[in-house]
Every structure is written in structure tokens, then in C-alpha cells.
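Novice: The structure under discussion is supplied below as C-alpha cells; questions concerning it will follow.
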């Protein structure tokens with residue numbers, strides 16, 4: 001887990017990400033399966049293809065919880081799989097892979113994915 005001290009923060013570049021997802025009160029609430037698919041698609045169609053080696057990802061705690069528990073293989077690391085607190089900062093190394101058999105993209109350690 002990373003702890004921010006406010007000292008020695010490197011110069012950063014920020015990019016704006018335009019999100020096309022909207023939700024109104026007239027619609028049914030997003031199911032957990034739909035949220036998982038949205039997180040997976042974000043990671044495999046956008047994040048996976050970014051050229052940067054270090055990124056900051058800021059999001060809602062529920063979205064980040066889904067990312068760490070339903071999309072990524074965190075190999076049982078409870079410090080990553082627990083609920084995010086308000087303004088909490090976590091540091092992690094994420095690996096992406098493509099399943100050579102079916103061409104599907106994945107997030108996490110390919111050696112730990114059930115066959």
C-alpha cells in the first residue's frame with residue numbers, strides 16, 4: 001500500500017477521459033454483472049493499451065472494489081480486495097495478458113487463472 005507524504009511528487013501529465021456512461025433514476029439499477037463487464041471493458045479496451053508504465057486511476061470505491069474482486073486476479077491479497085476508504089490511495093502492479101487459445105484478454109497473473 002502506498003502512503004502519500006506530499007513531498008517529492010514527480011511532475012505528472014493528466015489526460016481527460018470522456019465517459020459516455022449515463023444512468024437516470026428511470027432506469028433499473030446496474031446489475032453486478034453489468035458493472036463487472038463495464039470495468040473489464042474499460043481495463044481491456046482502454047487501460048491495457050495505454051503507453052504509460054505508471055498511471056493513477058481515480059474512481060468510486062464500489063467500482064474499484066469490483067475491479068479488485070471481480071475483474072482482476074489479486075491472488076487473495078486482502079489489502080487489495082478490501083473496501084476502499086474515502087480518499088484512500090493504493091499502489092499495485094497490474095499485468096495484462098491474452099489467452100493464446102481463444103484470444104481473450106485478461107487482467108492479473110495468467111499462471112493463476114483456472115484452466
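Novice: Quick one: in the stretch 52-68, which of the residues that are under 10 Å from the mean Cα position of the chain (by Cα) and modelled with pLDDT of 90 or more is surrounded by the most Cβ atoms within 10 Å (Cβ to Cβ)?
Specialist: If we filter the stretch 52-68 for residues that are under 10 Å from the mean Cα position of the chain (by Cα), which is where we start, we get 57-59, 63-68.
Checking which are modelled with pLDDT of 90 or more leaves us with 63-68.
Working: 63: 15, 64: 18, 65: 17, 66: 19, 67: 24, 68: 21.
Among those that are under 10 Å from the mean Cα position of the chain (by Cα) and modelled with pLDDT of 90 or more, it is 67.
Novice: So how many residues does the stretch 78-90 have that are loosely packed, with under 13 Cβ neighbours inside 10 Å and under 19 Å from residue 55 (Cβ atoms)? Working first, answer last.
Specialist: Start the filter on the stretch 78-90 by keeping residues that are loosely packed, with under 13 Cβ neighbours inside 10 Å, which leaves 78-79, 83, 85-89.
Subset that is under 19 Å from residue 55 (Cβ atoms): 87-89.
Within the stretch 78-90, residues that are loosely packed, with under 13 Cβ neighbours inside 10 Å and under 19 Å from residue 55 (Cβ atoms) number 3.
Novice: Contact list please: Cβ distance under 6 Å, first residue in the stretch 68-87 and touching a residue at least 40 places away in the same chain (Cβ under 8 Å) and on the phi < 0 side of the Ramachandran plot, second residue loosely packed, with under 11 Cβ neighbours inside 10 Å and in a helix (DSSP H, G or I), pairs at least six apart or on different chains.
Specialist: Listed by first residue and then by second, the contacts come to 73/112.
Novice: Just the residues that are in contact with a helix residue (DSSP H, G or I) (Cβ under 9 Å, 6 or more places away or on another chain), under 20 Å from residue 62 (Cβ atoms) and either outside any loop (DSSP other than H, G, I, E, B) or at pLDDT below 85 (or both), please, taken from the stretch 72-107.
Specialist: Within the stretch 72-107, 80, 81, 107 meet the criteria.
Novice: Is the stretch 25-45 home to any residue that is at pLDDT below 65 and either surrounded by fewer than 11 Cβ atoms within 10 Å (Cβ to Cβ) or out of contact with any helix residue (DSSP H, G or I) (no Cβ under 7 Å at 6 or more places or on another chain) (or both)?
Specialist: Scanning the stretch 25-45 turns up at least one residue that is at pLDDT below 65 and either surrounded by fewer than 11 Cβ atoms within 10 Å (Cβ to Cβ) or out of contact with any helix residue (DSSP H, G or I) (no Cβ under 7 Å at 6 or more places or on another chain) (or both).
The values are calculated or read from the model by the stated rules, or taken from the named source; none is laboratory data. Source: prediction; values computed, not measured. Positions of Cβ are generated from backbone atoms using ideal geometry, with glycine treated the same way; all protein chains shown enter the neighbour counts.
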